[in-house]
Amino acid sequence: MAAGEHGGGILKQPMAVWATAFAAVVAFMGIGLVDPILPSIAKGLDASPSQVSLLFTSYFLITAVAMLVTGFVSSRIGGRRTLLLGLALVVVFAALSGTSDSVGQLVGFRAGWGLGNALFVSTSLAVIVGAASGGSAAAILLYESALGLGMSCGPLLGAVLGDASWRYPFYGTAALMAIGFAAITVFLEEQPRPARKTGLLDPLKALAHKGLAATAGSAFFYNYAFFTVLAFTPFVLDMSPYKSGAVFFAWGILLALFSVLVAPRLQSRFGSVAVAAASLVVFAADLAVIAYGSKAVIVTGVIVSGALIGINNTVFTELALEVSDAPRPVASAGYNFVRWFAAAAAPYLAPKLHEHFNVHVPFLVATGTCLAAAGVLAGAHRLLATAAADHTPAAAQPHPVPAAG
């Protein structure tokens, strides 16, 4: 969306919107929450880095598969009930995560958490747009702000609570989500249901569209690199929870600022495909530097990557929503189904590559996937530009469904 489309009215919203936005912040906090405490969890449960990284793998694997059913569920029981179901699952499984006595238990509870998060995240933006005042552009900006705030505050919360015990961040998240559940129960009325119910296979059928398939394929390679940084770097840095949390808090701040403020302006001037391709190439260079850098260089490279990830998150989300003829919830579900598989693979494969080769190889593989993502976009440039031009820009259409970061 162009910068100019972010009109006024973002602060003048009904309580239903603020309640949903608060819950969205906490939901996105859950993604980076475990970052600063990964080494502590490994030590506390006597587990290897690759075993602990399954916390991400199980979470995102379930999230990916759940994308095929979220539209099916929400189109039948309504947005409000879907949000509450998702929040309830997160509260239960986040609390259970804190009680784990083994990596296997924790991985299983994180999988249940991922199901709840998928139900909530896949519905939250559509609910915010439906309840917001000031048009969909203001609602989308509010949602993107919640995403960035959650991604930046998650590591900080994990560090503060995790300094006492690795279990406390899970209990803290459960408590915050319970507050979000109560707020949505009180302030959010049921939203109108779509005229047409979504089928289970509709998201997969939507991927037959070449433009959406190219976007999802590129996002798959990009997300592998993204989650190599998020899930593997804490082991390389080997810092205390506070120091690691500070690094990823700075990373998240840049992610939020560049996602909300910088990306729309770059898109307006240069076009979405060109911006994403260029950002991916720069991200690849950053990863190559991280691969062979000192600890200080790695810290700098990780923080800088937040800006590049923020740009790519926004651009890929809007490309996915613009290029397809399918309804937005369906197109978004198909896109997320593909890209979250990479988010599941990277946290497991990166430590394995480290164990079998050396610390440089995981980042070099991520460098290659970034370049592959840029190559897919470059190869589909004309197709994506034409498809996007044939559709109304994302901010102008009602009831979009997010790509969840």
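Overall shape: oblate for segment 302-357, with the ratio a/c of the largest to smallest alpha carbon gyration tensor axis at 1.5 or above and b/c at least equal to a/b.
Checking [x] 18, 45, 29, 6, 2, 0; [y] 30, 61, 8; [z] 27, 58, 12, 2, 0 against P(r) over Cα pairs in 20 Å bins from 0, in percent calculated from these atoms, the matching label is [y]. Only lysines eight or more places from Lys43 in sequence, or on another chain, were considered; those with a Cα closer than 30 Å are Lys243, Lys295, Lys352.
When a/c reaches 1.5 or more, the comparison of a/b and b/c decides; with that in mind, is segment 220-280 rounded, prolate or oblate per its Cα gyration tensor? In terms of gyration-tensor shape, oblate.
Excluding Ala126 itself, what net charge comes from residues whose Cβ is under 12 Å from its Cβ, given Lys and Arg +1 and Asp and Glu -1? Let's see the in-between values first.
Details: positive: Arg80, Arg193, Arg328; negative: none.
Surrounding charge for Ala126 is +3.
Would you please put 91-98, 292-299 in order of how densely packed they are, using the mean number of other Cβ atoms within 10 angstrom per residue and starting with the highest?
On the way: 91-98: 21.1, 292-299: 13.6.
For the peptides 91-98, 292-299, the packing ranking is 91-98, 292-299.
Can you classify segment 163-311 as rounded, prolate or oblate using the Cα gyration tensor, where a ≥ b ≥ c are the square roots of its eigenvalues, rounded means a/c under 1.5, and otherwise it's prolate if a/b beats b/c and oblate if not? Intermediate values should be presented prior to the final figure.
Values: a/c = 1.98, a/b = 1.14, b/c = 1.74.
Oblate is the answer for segment 163-311, as a/c is 1.5 or above yet b/c matches or exceeds a/b.
Packing-wise, with mean Cβ within 10 Å as the measure, how do 370-377, 212-219 rank, highest first?
Working: 370-377: 23.0, 212-219: 26.6.
Highest-to-lowest ranking by the protection proxy: 212-219, 370-377.
In this label model, Ala385 and Lys352 are separated by 3.9 nm, measuring between points 7 Å along each Cα→Cβ vector. Applying 1/(1 + (r/R0)^6) with r as the Cβ-Cβ distance of Lys295 and Leu204 and R0 = 35 angstrom yields a FRET efficiency of 0.20.
Run the numbers for Asp238 and Ser165: contour at 0.36 nm per residue of separation, minus the present Cα-Cα distance, in nm.
Values: separation 73, 0.36 × 73 = 26.28 nm, distance 1.68 nm.
Taking Asp238 through Ser165 to full extension adds about 24.6 nm, to one decimal.
Given the rule -39500 (n - 2.57) for each run of at least 4 DSSP H residues, summed and divided by the residues of the chain, what is its mean residue ellipticity at 222 nm, to the nearest 500 deg cm²/dmol?
On the way: 17 runs with 313 residues, N = 405.
Value at 222 nm, helices only: -26500 deg cm²/dmol.
When the gyration tensor of segment 228-328 is built from Cα positions, what are the square roots of 5 times its three eigenvalues, in whole Å, from largest to smallest?
Numbers: eigenvalues 160, 38, 29 Å².
With the √(5λ) rule applied to segment 228-328, the semi-axes are 28, 14, 12 Å.
Send over a whole-number figure in Å² for the accessible area per residue of the chain, probe 1.4 Å. Show your work: numbers first, answer last.
Numbers: 14290 Å² over 405 residues.
On a per-residue basis, the chain sits at 35 Å².
The values are calculated or read from the model by the stated rules, or taken from the named source; none is laboratory data. Just so you know, these numbers come straight off a predicted model, no measurement behind them. With ideal geometry, Cβ positions are generated from the backbone for all residues, glycine too; neighbour counts draw on all protein chains shown. Just the protein is used for accessible areas: all its heavy atoms, side chains included, with ligands, DNA and RNA removed. Shrake-Rupley method; radii C 1.70, N 1.55, O 1.52, S 1.80 Å.
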